[in-house]
Amino acid sequence: MDSPASHRPVAEPLLKLDGVETYYGPLRALSGVSLTVVQGTVTVILGSNGAGKSTLLGTIMGVLDGQPQRGTVTFRGQRIDGMATEKIVRAGISYVPEGRRVFPELTVSENLKVGAYTVRDRQSTLRTLERVHDYFPVLTERQDQHAGTLSGGEQQMLAIGRALMNEPELLLLDEPSLGLAPLLVHQVFDIISQIRDEGVTVLLVEQNARMALKVADDGVVLENGELMVSGTAAELVDNDEVEELYMGAASTASTEEAASATSDTGAGDDVDLES
């Protein structure tokens, strides 16, 4: 993978959160979070379990009962906080939540078509489909197979591919490597890098800090709903506290998840995406 620094564009904010506070009833899940995502970059959100990382993505997409009660979320300079999720998708943001959520009774091909429901230009959809198949050749081989019969790794590829069919400017990914075998983890991050290189901005929640920071341009650390650290990926790598709290832990966690994935889903998750 190339160094992200070589891909850094002129700093132009695509997404901006300013003083966002999100509540679940009386409980404050996000506390005054301010974040800028620069167009054409990968930004990673690090933090321990329960830190508010998934809540942050859900707040951006408007999919939570707990909506921002303070602060603003702007995309391309226009406020989207309080906007319906469908309108946010149509504005150019796609979201892959944690858990490989595909439509199990639909085929791979049908799942991808569902992802393109906002796109009216058929030729553009065909070009995007070709690009998705280039990213994930295994989806071409499995195109007539029901999504529920795919391995965990293949379902993750399908979930990302379906999100890309919307032709987003911004892609939100929540734990894309969770539970995947090591080979697939490397391939997923290679593909994230390719997606960024082709012009799609990525905001990524990831427990595997070491791998994520290899492809990221920028990063933030979220704890207890508060933004604790922010900077370039290189700055986070050189931060002793980030190294101690997240780099070592990520290595241990990813090893345990890979072992769990192998035992739970069998050898299917070891499918090479390039096959």
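Counting other Cβ atoms within 10 Å as a rough exposure proxy, the listed residues Asp18, Asp121, Asp218 run Asp121, Asp18, Asp218 from fewest neighbours to most.
What does the charge count near Leu158 come to, summing +1 for each Lys or Arg and -1 for each Asp or Glu among other residues with Cβ under 9 Å from its Cβ? Can you show the working numbers first?
On the way: positive: Arg100, Arg142, Arg162; negative: Glu154.
Residues near Leu158 contribute +2 overall.
Of the GluC sites (Glu not before Pro) in the range 18-127, the ones in a loop by DSSP (not H, G, I, E or B) with at most 16 other beta carbons within 10 Å are Glu98, Glu105.
Quick one: Lys16, Lys53, fewest Cβ neighbours within 10 Å first, how do they rank? Don't skip to the answer; put the middle values down first.
On the way: Lys16 17, Lys53 26.
The order, fewest Cβ neighbours first, is Lys16, Lys53.
Bear in mind that the values in this text are calculations on the coordinates, not laboratory data. Nothing here was measured: the structure is a model prediction, and the numbers come from that model. FYI the Cβ positions are ideal-geometry reconstructions off the backbone, even for glycines, and counts take in every protein chain you see.
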